[in-house]
Structure formats: structure tokens, C-alpha cells
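A.B. asks: Let me give you the structure first, and then I'll get to my questions.
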Amino acid sequence: MADLVQLWNAPDEPLDCLYLFTHDGANPLNGVVLPGASGKAIGRAVAELGVRGLEGEALVAAGPTREFRRIACFGVGKAEEFTVHTLRKLLRRVLEQAGRNREYQIAVAIPVPVRDVAPEQVRTVTIGELALADYRFDRFRSRPDEATKVDAVHVVPLAGEDEKGLGALIERARRLDALVRLARDLGNRPGNDLDPESFATEVSAMFAGSAVRVTVMGAKELAKDGLRGVLAVGKGSAVEPRMVRLEYRAKKPRAALVLVGKGVTFDAGGISLKPAAEMGEMKHDMAGAAAVVAAMRQVAETEPPLKVVGLLPLVENLPSGSALKPGDILTMCNGTTVEVENTDAEGRLLLADAMAYAARFHPDVLVDLATLTGACKIALGSELAGMFANDDDLARQLERLGHSTGDRVWRLPLLPEYRNLLRSEWADTKNSGGRWGSLPASAAFLARFVPEKVRWAHLDIAGVAYGSTSHNGLPPGATGFGVRLLLALLDELGGRA
Ligand code: BES
Ligand code: MN
Ligand code: ZN
């Protein structure tokens, strides 16, 4: 990851490139505070380039000043069409191009408004996106390409900014960047590298000695506490299931929050085996758990005035001679019996147990994140997560925070009627019904396991947690969806809005 630094003074050595942006032919230096005495020379170079600001336009001038070896100017198109997504795409392109050109030290000046971001938020969002723009997952490249890595991005100040203010924004962007990267890295690791055992071990190590207490529950502890849903889904794998409990409590907590993240390190579907095409994508089926880990890191580092508990049920859903079978009946952690209609509807079995188990922490608010249904991906694509909530205020809060953080959610109906789709002849409910209504049915199923009087929101992130290709300026693979949203929620509940 490139280091983010401020650029107030002329650098000792010239930087490799200064990146400028313009829309509708506006002067790209408007509102930009350039270091050193080269403002005029740069202005002339930019004028000579003759950028019109068309989208996708990129022009480069070589060697004009003492501060910068060259200057590049990108057009961003019409100001009213410039959104977070176009910003992200653009910055990713800049970092890629800089890497390819072997530019190790670059400066970036972005005085451009972003249509879907409130004016007072634009700078925060822009610098946050800048920090993430060079993310790539190269853990498994035998020779990671060091030559295409930018070492430092120098942020050019804008008019009215000071060192302290810009420093704070950069610091915040660094934090966010580290946490989103953590969630993406976990999300991208394949099943042979990250399984319930290694996931639990690594999370334990990550929180050792921090304000967050970690407990890893193995098969024995799961059985003792009656988490038979988690155990049942894990039966087909040679690696035992786990549940990781991450607990934090401030002296005088203002609220108690439990976060549950679906942690299926690989989902083959079990005996109800998935088709081979695209099955490999199911290595991302633990993206919910990854987002919760990142949020708990934030808790460990900032110690907010809250009680926060993260629950990560971790399993591998595989077919085998010992696997869970269709027709099996389970008695879940809260006593509800479930007939397994489809072993591929495994996520809700894990979540149900973890959510019922959450009762012992007496939460005011319970939020779960899960790559739960293909139906949600069909309904909302990759633009929005599906949200179901039993509380209007919590739903509105998450909608609002989703909008301001870019982790957008869309509320869908939580109606008890949908339970009828999961009627079982033999047990209290089935884990899956027919095709129609299967998305709201999944939420109606989960609702049975929400502890009494707890405000709850379920986020189905199946469509947004990863992409098979790059889109909206996101890298291919895990997106880290949910991290920013959870951080914003933690801030608000802790009174640091
Ligand atoms: N992990 C999948 C859901 C999923 C599908 C996530 C596609 C991302 C992309 C989940 O465990 C699953 O298999 N759900 C089934 C439920 C069905 C059997 C009721 C589904 O969506 O098909
Ligand atoms: Mn499944
Ligand atoms: Zn799954």
C-alpha cells in the first residue's frame, strides 16, 4: 500500500508525476495549493496540454518544473455525472498507470466535487478512495510485481486547508484503508488457505493483548452450548467448525451491540451440491465474518463507550459420508427444530444459532452480515445490499449511513407471512422452501432466532461482497462491503457521530 503524505513544501527531489483532474474544461488548478514556486510554470504546461475535461481523457506533459518530472491531467467528464464510482475508477486508473510508468512518488490534486456526496464529506471520501486505489490481492503471486507499486502518494492541499485538518483526514483514510484491506484480504483467501481452524487461529492472534477478548469455541464448546446448527453444517468437512467470540466492554457502555458475520470459508452446498460453474466464488462466503473482524479491530483500537460483541460462526460446507443430509432435523440453540430441506441453505443455520446465542450478551442492537442468498444478488445486483429489520429507526439509520459511506443498503419486507413458505411437516420450520419469495423467506426464518426485544437488522451482502470482475472502480474479488457501514454505526452508537 502506498503511503499517504501531505505536500506542503517543495520536495527535495522532484516527484515523478503530478496528477491533476478537470471537468468541463475548468482549470484543474482552481482551488489547488501547489508547493514551491512552480505554480505559473504548471499553469502554463496545463494550458498547453489543452485539456477539455472529457471523461476518460488523459494528457501528459513531460519535465516542466523543479517539483515534478511530469504532469498528467485527467478529464472527469461532466461535473454533475461525477460520482463516487467514477471517482474510484479514476483513482484506480491513476495508480495503475503510475505503477506501469514506474512512478514511485506521485502527487495528486483533486479539487473536484462528487455528485452523490455531501460537500463537507467530499474530501474525506476522496482521500479514503485514494488510499484504497492501489489495493490488489497478491498473496499468491510467486513474484509480486514490486516495480508497479507506487511508494507514496503526496496529497496536494486545497485552498482553505491546514496541516492539522488534512493530517486528520489522511490519518482517518489510513485507518479505513487498513480495515477495508483486512476484510478484503480475508475475503479473497481461498478455502485451502483460510479454513475454520486457520481463521480462528489468526483472529485470536490478531486480538491477543488487545481490549477485545477472544474465545474460540471448538466442537466440544459448541456442543456444550447447544449450537447444533453450526456443528451440523460443519459435519461434512475434515476441519471442525468453530465459533469465535470477540468481546469488548467499556466501563459505562452507552449501548450493547452484537455483530454476527457468516463465516463459511467454502460453500460447496453440501449434499445439495452446487453446480460446478462459478463454485470457486464460494471462497468468499465468509465476507460477513471478515467485515465483523475489521469492525472489531476498530473497537480494539478506539475503545468506544459501548459494549460490542462479535460472533463468527466458521464452517466449511462440504459433501461427504459424514455430512448433514436433506431431511435431517436439528434442534437449534434456542430449542427451535429445523428440518433441513436443502443443505445449501447453510448460512441461516449458522446465523440462527449465533443470533439466538447472542441473547446472553443482552444486546440493544443486533446486526448480522451474510452472503446469504443468490436471490438477493438477483434482486439487487451489486449496487445494494438487501436489508431486513424489525425496527424502523435502526433501518433508517443504516440506510442513511449506507448512503454516506457508500455501503448502501435497501430495505426489504420482513413479514411473518413469509414463514408459511418454510412450513415443515415434521419440524417447527424448514430451512428452505420454493423459489418464489425465497429472499424474504430467508429473513423470516432468521427472525425466529432474534432474542426478545432486540432491535435487529439483517444485511444480505451476497451481491455486494465480491465481484468476479472489477466494477464501479472496485477491484475484482472481495470488496470489504460493510466495514465502512459498521464503523459509522459504531461511531454513532458511541456518540462520536
Ligand atoms: N452462499 C450462498 C449464497 C450466495 C449465492 C452468495 C450466490 C453469493 C452468490 C448460500 O449459502 C446459498 O447457497 N443459498 C442458497 C439458498 C437456497 C438453497 C434456499 C441460494 O441462494 O441458492
Ligand atoms: Mn449455500
Ligand atoms: Zn453459503
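The values are calculated or read from the model by the stated rules, or taken from the named source; none is laboratory data. Values in this document were obtained by computation on a predicted structure and should not be read as measured data. Positions of Cβ are backbone-derived with ideal geometry, glycine not excepted, and every protein chain shown enters the neighbour counts.
A.B. asks: Is there a residue being surrounded by 15 or more Cβ atoms within 10 Å (Cβ to Cβ), at pLDDT 80 or above and more than 27 Å from Gly406 (Cβ to Cβ) anywhere in the stretch 85-102?
C.D. replies: Yes, there is a match, as at least one residue in the stretch 85-102 is surrounded by 15 or more Cβ atoms within 10 Å (Cβ to Cβ), at pLDDT 80 or above and more than 27 Å from Gly406 (Cβ to Cβ).
A.B. asks: Which of the residues that make up the stretch 202-225 are exposed (fewer than 14 other Cβ atoms within 10 Å of the Cβ) and of a type in the set (Ser, Thr, Tyr)?
C.D. replies: Thr215
A.B. asks: Further question: Can you tell me which residue is surrounded by the fewest Cβ atoms within 10 Å (Cβ to Cβ) among those in the stretch 273-312 that are part of a helix (DSSP H, G or I), within 13 Å of ligand 3 (Cβ to nearest atom) and of a type in the set (A, V, I, L, M)?
C.D. replies: Met279
A.B. asks: Hey, can you tell me all the residues within the stretch 139-169 that are surrounded by 13 or more Cβ atoms within 10 Å (Cβ to Cβ), assigned by TED's automatic domain parsing to the domain that holds Val94 and closer than 20 Å to Val180 by Cβ?
C.D. replies: Within the stretch 139-169, Lys149, Val150, Ala152, Val153, Val155 meet the criteria.
A.B. asks: Give the residue, chosen from Gly236, Gly269, Gly263, that is within 16 Å of ligand 1 (Cβ to nearest atom) and either surrounded by 24 or more Cβ atoms within 10 Å (Cβ to Cβ) or outside the structural domain of Asp364 (by TED's automatic domain parsing) (or both).
C.D. replies: Answer to the check: Gly263.
A.B. asks: Still on this model: Considering Asp177, Asp151, Asp134, Asp162, which residue is free of Cβ contacts under 8 Å to residues at least 60 places away in the same chain and among the charged types (D, E, K, R)?
C.D. replies: It is Asp162.
A.B. asks: Only one of (1) over 13 Å from Gly191 (Cα atoms); (2) touching a Lys or Arg at 6+ places or on another chain (Cβ under 8 Å); (3) basic (Lys, Arg) fails for Lys274. Which number is that?
C.D. replies: Unmet condition: (2).
A.B. asks: Against the conditions (1) within 14 Å of ligand 3 (Cβ to nearest atom); (2) surrounded by 24 or more Cβ atoms within 10 Å (Cβ to Cβ); (3) assigned to a loop (DSSP other than H, G, I, E, B), where does Pro363 fall short? Just the number, please.
C.D. replies: It fails just one condition, (1).
A.B. asks: Let me ask you something else. Against the definition (within 16 Å of ligand 2 (Cβ to nearest atom), of a type in the set (A, V, I, L, M, F, W, C), under 24 Å from Val454 (Cβ atoms) and touching a Phe, Trp or Tyr at 6+ places or on another chain (Cβ under 6 Å)), how does Leu366 come out, yes or no?
C.D. replies: no
A.B. asks: Given Glu80, Glu55, which one is among the acidic types (Asp, Glu) and in a loop (DSSP other than H, G, I, E, B)?
C.D. replies: Sole residue among the options that is among the acidic types (Asp, Glu) and in a loop (DSSP other than H, G, I, E, B): Glu55.
A.B. asks: Okay, next question. If you take just the helices (runs of 4 or more DSSP H) that sit entirely in the stretch 386-497, which of them hold at least 1 residues that are free of Cβ contacts under 8 Å to residues at least 12 places away in the same chain?
C.D. replies: 392-405
A.B. asks: Does the stretch 314-326 contain any residue that is within 16 Å of ligand 1 (Cβ to nearest atom) and on the phi > 0 side of the Ramachandran plot?
C.D. replies: Checked against the condition, which is being within 16 Å of ligand 1 (Cβ to nearest atom) and on the phi > 0 side of the Ramachandran plot, the stretch 314-326 yields no hits at all.
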